[in-house]
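The values are calculated or read from the model by the stated rules, or taken from the named source; none is laboratory data. Just so it is clear, the structure is predicted and the values come from calculations on it, not from any experiment. Glycine gets a Cβ as well: all are built from the backbone with ideal geometry, and neighbour counts include every protein chain shown.
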Amino acid sequence: MYMCLDYRNIFLAEGTVFNGVGGTYRLDGDTYTETIDYGLPGMVRFIGKQAVYQIGVERDTMRISGVLDDQIEVREVWVRVRK
């Protein structure tokens with residue numbers, strides 16, 4: 001197992017964090033499985049649950065898609081920002 005960086009939703013207008021979870025993860029090929037160990041108040045219902053995602057990286061872009069707790073579809077696109 002590996003330690004996972006926090007996942008956070010940020011309200012950009014005020015910079016306030018209102019949702020977030022974190023925990024451990026396993027990466028096996030292009031399958032990313034996260035076990036949620038802790039969370040902010042809006043996400044505590046997911047503590048102890050797993051999220052299974054397919055992950056792909058191409059150049060400066062990472063795409064994640066899958067399902068949280070067998071019920072919530074998740075799709076994310078992360079782009080590396082360079083100075």
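Scan GLY48, GLY56 and give me the residue that is in a loop (DSSP other than H, G, I, E, B) and modelled with pLDDT of 85 or more.
Going through GLY48, GLY56 in turn, just one is in a loop (DSSP other than H, G, I, E, B) and modelled with pLDDT of 85 or more: GLY48.
Tally up the residues in the stretch 59-76 that are within 16 Å of ASP30 (Cα to Cα), part of a strand (DSSP E or B) and free of Cβ contacts under 8 Å to residues at least 24 places away in the same chain, please.
Final tally of qualifying residues: 8.
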